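After the structure tokens below, expect a handful of questions from me.
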Amino acid sequence: MDGVAGKVVAITGASSGIGEATALELATRGAAVVLGARRTDRLDALAERIRAEGGRAETLDVDVTRRADLDRLVSRAVEAFDHLDVLVANAGIARVAPVCDLDVDDWDAMIDVNLRGVLHGIAAALPVFREQGRGHLVTTVSTSGLKIVPTQAVYAGTKNAVRTLLEALRQESTDGVLRTTSISPGFVRTELVDHVADPEQRAQAQKTMAELGIAPEAVARAIAFAVEQPDDVEIGELTIRPTTQN
Ligand code: NDP
């Protein structure tokens, strides 16, 4: 199926930033969207906005660290809209800090959300995609996995693990059933670094985002570009960064 209109797309991390912008972009272009995150008040407000503009949206309380939540997300899409065309496994956290600080809890959290969360999405969606004979998995990885910089080692590690995962899945799925897309954003103005615990690291990261970051809508358009391709065309990797990012 070409284009975005009529596709059913489940999105994790849809309560803010790139996920929210992607939901709006795809819904505006005629996709039915199923929105997952933990802040359901924000999801409900977003769904209401989409419906008010004539779109179709469902919401679900989803914590990607819980495998069953991804099963529920995929099931909700199928129940509400008959099938699932695309899973955008977008939920993510960034706890930037030097490795030497040994913030082991933050390492665990990033692995749980950024890597295990995507694996949970794959485990939930793949059987449905196989049964349908078609499906598309999109993930938001990061340019931090392409250009290694201090303070982002574990974050970048989780993103590169997902990149590796998708490339392996791609090679295992050349029967035409599954399309995989890894989107690598650079600096994007979102709430991502607002959750960094260390005030100094947080302020530095927020400054960079404010000075350099592009709008999340730019990434949403890149995701829409991958989604709109005909079934026999796979956009494997896309990098989208500020023109001024080094
Ligand atoms: P935001 O912080 O705005 O959005 C992150 C989203 O992830 C929120 O909707 C949040 O929802 C969700 N989330 C976090 N933890 C969980 C969880 N345990 N279960 C379910 N959802 C969760 O940041 P961005 O929009 O920037 O981030 C989106 C993705 O893009 C992330 O994977 C990030 O790593 C990636 N990225 C971002 C870049 C940037 O510069 N902004 C650059 C490169 C990649 P809630 O808290 O409601 O659950």
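Taking amide H positions as placed in the peptide plane 1.01 Å from N, state which residues far from Ile240 in sequence (5 or more) or on other chains have amide H under 5 Å from it.
Those lying under 5 Å, H to H, from Ile240 are Ser184, Gly186.
May I ask which residue of Leu70, Ala218, Leu43 lies farthest towards the positive end of the charge dipole of the chain, with charges of +1 (Lys, Arg) and -1 (Asp, Glu) on Cβ and the Cα centre as origin?
Checked the options; the winner is Ala218.
Straight-line reach from Lys159: which lysines have Cα under 17 Å away, leaving out those fewer than 8 places along the same chain?
Lys147
Taking the Cα centre of each part, how many Å lie between segment 93-131 and segment 1-59?
Segment 93-131 and segment 1-59 have Cα centres separated by 22 Å.
What list of ³J(HN,Hα) values in whole Hz, one per residue of segment 101-107 in order, does the Karplus curve 6.51 cos²θ - 1.76 cosθ + 1.60 (θ = phi - 60°) give from phi, with Gly and Pro shown as x?
Working through the residues one at a time gives 5, 6, 7, 5, 4, 5, 4 Hz.
Is the shape of segment 83-153 rounded, prolate or oblate, going by the alpha carbon gyration tensor and its root eigenvalues a ≥ b ≥ c, with a/c under 1.5 for rounded and a/b larger than b/c for prolate?
On the way: a/c = 4.23, a/b = 2.38, b/c = 1.78.
Prolate shape, in that a/c is at least 1.5 and a/b is the bigger ratio.
Something else now. Would you compute, for the Cα atoms of segment 20-116, the largest minus smallest coordinate along each principal axis and list the three values in descending order, in whole Å?
51, 24, 22
Same structure, new question: According to the square roots a ≥ b ≥ c of the eigenvalues of the Cα gyration tensor, what is the shape class of segment 38-175, taking rounded for a/c under 1.5, prolate for a/b larger than b/c otherwise, and oblate for the remainder?
Working: a/c = 2.21, a/b = 1.42, b/c = 1.56.
Since a/c reaches 1.5 but b/c is at least a/b, the shape of segment 38-175 is classed as oblate.
To continue, here is another question. Can you list which of the DSSP-assigned H helices in the chain have a Cα extent of 15 Å or more along the long axis and an average Kyte-Doolittle score of at least 1.0? Don't jump to the answer; show the numbers that get you there.
Numbers: long enough: 17-28 (17 Å, 0.69); 40-52 (18 Å, -0.55); 67-81 (22 Å, -0.04); 117-132 (23 Å, 0.72); 153-172 (28 Å, -0.15); 199-212 (19 Å, -1.22); 216-227 (17 Å, 1.26).
Correct list, ordered by number: 216-227.
May I pose another question? Using every alpha carbon pair in the chain, what percent of pairs falls into each 10 Å bin from 0 up to the bin containing the largest distance?
8, 34, 38, 17, 3, 0
Further question: Where a ≥ b ≥ c are the square roots of the eigenvalues of the C-alpha gyration tensor, would you call segment 7-69 rounded, which needs a/c under 1.5, or, failing that, prolate if a/b is larger than b/c, or oblate? It would help to have the intermediate numbers written out before the result.
Values: a/c = 1.92, a/b = 1.62, b/c = 1.18.
Judged from the Cα gyration tensor, segment 7-69 comes out prolate (a/c at least 1.5, a/b above b/c).
While we're on this one: At 1.4 Å probe size, put Val154, Val227 in order of accessible surface, largest to smallest. Intermediate results must be reported in sequence, preceding the final value.
Values: Val154 35, Val227 0 Å².
Final ranking, largest accessible area leading: Val154, Val227.
Report in % the part of the accessible area of the chain that belongs to carbon and sulfur, leaving out ligands and nucleic acids; probe 1.4 Å.
Working: 5600 of 11030 Å².
After summing per-atom areas, the C and S share lands at 51 percent.
The values are calculated or read from the model by the stated rules, or taken from the named source; none is laboratory data. Computed from a predicted model, the values in this text were never measured in an experiment. Cβ: placed from backbone, ideal geometry, glycine included. Neighbour counts: every protein chain shown. Accessible surface is based on the protein model in full, side chains and every heavy atom, while ligands, DNA and RNA are left aside. Shrake-Rupley method; radii C 1.70, N 1.55, O 1.52, S 1.80 Å.
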